[in-house]
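The values are calculated or read from the model by the stated rules, or taken from the named source; none is laboratory data. In this text the structure is predicted, and so the values were computed from the model without any measurement. Cβ placement follows ideal geometry from the backbone for every residue including glycine, while neighbour counts extend to all protein chains displayed. With ligands, DNA and RNA removed, areas are computed over all heavy atoms of the protein, side chains included. Shrake-Rupley method; radii C 1.70, N 1.55, O 1.52, S 1.80 Å.
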Amino acid sequence: MSRTTLMLRLVRAEFYKLRTTSTWWIFTLATLVSTTVMLIVDCVNANSLLKPFDQYVALEAHGHGGRPIPAEFLAHMRSEWELGHSAVTQATTIYTAGQLIGVLLACLLGIVLITSEFHQQTATTTFLLTPHRDRVVAGKLGTAVGMAFLSWLLSTIISVTTGAIFLHHLGYGTQLGNAGVLRAIALNLAAYAIWAVFGIGFGALIRSQLGATVSATVLYLIGATAAASVFELIYTYLIPKSWILAAQVVVPAVASTVMISPTKTFDQSPPQWVGAAILIGYGILAGVIGTQILRRRDIA
Amino acid sequence: MDDGRIVVSALTKHYRGVTAVDDLSFTVEPGRVTGFLGPNGAGKTTTLRMLLNLVMPTAGTATIGGRRYLDLPEPDRVVGAVLEASSAHKGRTGRNHLRACCLTTGLPLTRADEVLDLVGLGPAADRKVKGYSLGMKQRLGIAAAMLGDPQVLILDEPANGLDPEGIRWMRQLLQGLATNGRTVLVSSHLLSEMQALADDVVIVAAGRLVRQGAVADVLASMGGDHRVRVSTPETEKLTAALAGAGATVTADGPGSLVISGVTAAAVGDTALAAGVPLHHLSAESPDLEDVFLDLTHAKAAIR
Ligand SMILES: Nc1ncnc2c1ncn2[C@@H]1O[C@H](COP(=O)(O)OP(=O)(O)O)[C@@H](O)[C@H]1O
Ligand SMILES: [Mg+2]
């Protein structure tokens, strides 16, 4: 039997295993809810950013109660407005609304696919049926990427239909003819897939389900902010060279942001492909090391 | 069909500070039920898991039909194993668990329904595994092991959690499979269970081989006294007569004697010749469980 047939069989079985437990519903529900919430947030933001500056200020400063706005705050608002006052930018943001939580979910699903074998004590059955453990990992990798694709698809369908109607209604057209917008939607898929791969590697590396999911979530949510401060400190006190700031792209969360945003995420941010390469690199590294560890692990 | 012989040679497993299996070698023949016997902590589970590529040996090899488990192209068609009561996801139904196994190994899904009937789990097939009793999980485990209609069956303490009816069912199933020429290896810590089930035994203690052979031979070699118990109103007269026949006689309550060193028939003949009436005569088998414990205790049972 060919390797491809074998892989397809394993992926099919993994999908079946997912569908026959609550993980499937939890994952779908989390995708739906997070996409909807982020879509609402992005549409509200777009609504005000796309207005002329004075109306934007009026909308955003609504809570300020008529008091005069401090000058530096006004300057900050202007730079925000200038960055966001573009139909293309807003279309990109809205059409990829599910991404912020979606890629984290894809990563967590990858982790759960591997660690649940130990957490749910099904590893004995799994490795009895497929004693070549690298094949088990490969099957789960295919499944995680497949699930990431489905999650991206679901999220994109919701975002694009709602967002297109919304933008059209505001009078900006759907922007779906714009190459930059379409590329952002496609790169978004890449982000889902790469984070799923990263999740598989991470799950194979860290045996505990709780440990792996919590550390991945923390790494993702505060990784970028923490990295920015750490690299800023290094730049200020140790090595005052600008490549130091660019180097924060080595942090997975930063790499992810760099990869998916068509505009610069910070002043020294390297091109998108650098972020993608770094994230894929981590995924492969974690996967290879994790698989090697898994191959020698005693299932007792 | 593969010959299905299991060969364990010089298998060793060190855990931090413990030698769970220590230079263990034995063979298991097809067409017979082989009991893998030893007290708790003897290394039975570790050995079976090394045989199935789940635990990595420190040294030595184990093969099934001449191949390592890892090298079997379709292991589920050659070997079925029940290691812990089923190892199924608690949130999945029994039927879905078996179907997932079928999909993994490329068997038709109908095979799941067939093995459910085989183990009598049909009525509970669509309930979640978390609601199963230990006995039902054992049956589910056996069902999963039978999916690929394997030549070799390996079971780790399968009687745990089964009621007497379930134990009898399993005994008949396993003996039937062995009669069909399959290899059946069953571990247990109870000698009595193996006396009723196995053709051969492999006895281990402290990770080492103690005895291996046909049950009857091993039991005979384990020794233990055959004893005869009698009741008679004339204990002194009988004691004297038996002493003349070379028997060892001990009093066991009023009017009752326990005799060793001669057969039950010899005791009856001696009593008749001496004109002593016997109200009761019975031959007692040696308490092999005691002998087994003595044999394995010397090797430090639980480490
Ligand atoms: N994963 C493990 N880590 C450390 N020690 C272990 C492990 N598994 C088993 N042992 C030890 O190895 C010995 C043999 O255990 P086991 O094979 O389970 O025996 P049995 O199945 O005969 O009761 C015991 O002393 C046990 O404590
Ligand atoms: Mg055991």
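Between B:Arg208 and B:Asp22, the built amide H atoms are under 5 Å apart, and every one of these is 5 or more places off in sequence or on another chain. For segment B:87-97, backbone phi angles converted through the Karplus equation (6.51, -1.76, 1.60; θ = phi - 60°) give residue-by-residue couplings of 6, 10, 5, 5, x, 9, 6, x, 5, 5, 4 Hz, Gly and Pro being listed as x. If you take the accessible area of A alone plus B alone and subtract the pair, what total do you get in square angstrom, rounded to 100, with a 1.4 Å probe? When A and B are taken together, about 2600 Å² of accessible area is lost. Available extension along the chain between B:Ala10 and B:Ser192 is 62.7 nm, counting 0.36 nm per residue and deducting the alpha carbon span.
For the protein assembly as shown, the residue among A:Ile157, B:His97, A:Gly139 whose Cα projects farthest onto the positive side of the dipole built from Cβ charges is A:Ile157. Largest first, the extents of the alpha carbon coordinates of segment A:76-162 on the three principal axes equal 61, 28, 19 Å.
For segment B:6-216, the square roots a ≥ b ≥ c of the C-alpha gyration tensor eigenvalues yield an a/c of 1.5 or more together with a/b exceeding b/c, which makes the shape prolate.
Across segment A:23-178, the convex hull enclosing all Cα atoms gives 154 Å³ per residue. Here the accessible area is traced with a 1.4 Å probe on the protein chains. For the protein assembly as shown, carbon and sulfur cover 61 percent of it. A Förster radius of 25 Å combined with the Cβ-Cβ distance from B:Ser282 to B:Leu209 puts the calculated FRET efficiency at roughly 0.10.
The calculated P(r) of segment B:26-93, using every Cα pair and 5 Å bins from 0, goes 3, 13, 21, 26, 21, 10, 5, 2 in percent. When shorter helices are ignored and each DSSP H run of at least 4 residues is given -39500 (n - 2.57), the per-residue value for chain A at 222 nm works out to -26000 deg cm²/dmol.
Note on A:Leu29 and A:Val218: with the Förster distance fixed at 25 Å, the Cβ-Cβ geometry gives a FRET efficiency of about 0.65. With only Cα atoms counted, segment B:227-284 has Rg and Dmax values of 9.4, 24 Å.
Against the longest principal axis of chain A, how steep is helix A:3-19, in degrees 0 to 90 to the nearest 10, with axes from Cα atoms? Between helix and principal axis, roughly 70 degrees. Couplings for segment B:153-167, taken from phi via the Karplus curve 6.51 cos²θ - 1.76 cosθ + 1.60 with θ = phi - 60°, read 10, 10, 10, 9, 6, x, 6, 4, x, 8, 7, x, 4, x, 5 Hz in order; Gly and Pro are left as x.
Each Cα pair under 8 Å and six or more residues apart adds its separation to the average, and for chain A the resulting relative contact order is 21 percent.
With a Cα cut-off of under 14 Å and a minimum spacing of 8 residues unless on different chains, the lysine pairs in chain B number 5.
Kindly identify the protein assembly as shown as rounded, prolate or oblate by the Cα gyration tensor criterion: order the square roots of the eigenvalues as a ≥ b ≥ c, call it rounded if a/c is under 1.5, otherwise compare a/b with b/c, prolate if a/b is larger, else oblate. In terms of gyration-tensor shape, prolate. In segment B:33-54, burial by the other protein chains removes 30 Å² or more of accessible area from B:Arg49, B:Leu54, compared with the chain on its own (1.4 Å probe, ligands and nucleic acids ignored). When shorter helices are ignored and each DSSP H run of at least 4 residues is given -39500 (n - 2.57), the per-residue value for chain B at 222 nm works out to -10500 deg cm²/dmol.
Note that segment A:199-215 has calculated 3J(HN,Hα) couplings of x, 4, x, 5, x, 5, 6, 10, 5, 6, 4, 5, x, 5, 5, 5, 5 Hz, one per residue in order, obtained from phi through the Karplus relation 6.51 cos²θ - 1.76 cosθ + 1.60 (θ = phi - 60°); glycine and proline are x. Per residue, the solvent-accessible area of chain B (1.4 Å probe, heavy atoms of protein chains only, all protein chains present) comes to 42 Å².
Averaged over its residues, chain A has an accessible area of 48 Å² per residue, based on protein heavy atoms and a 1.4 Å probe.
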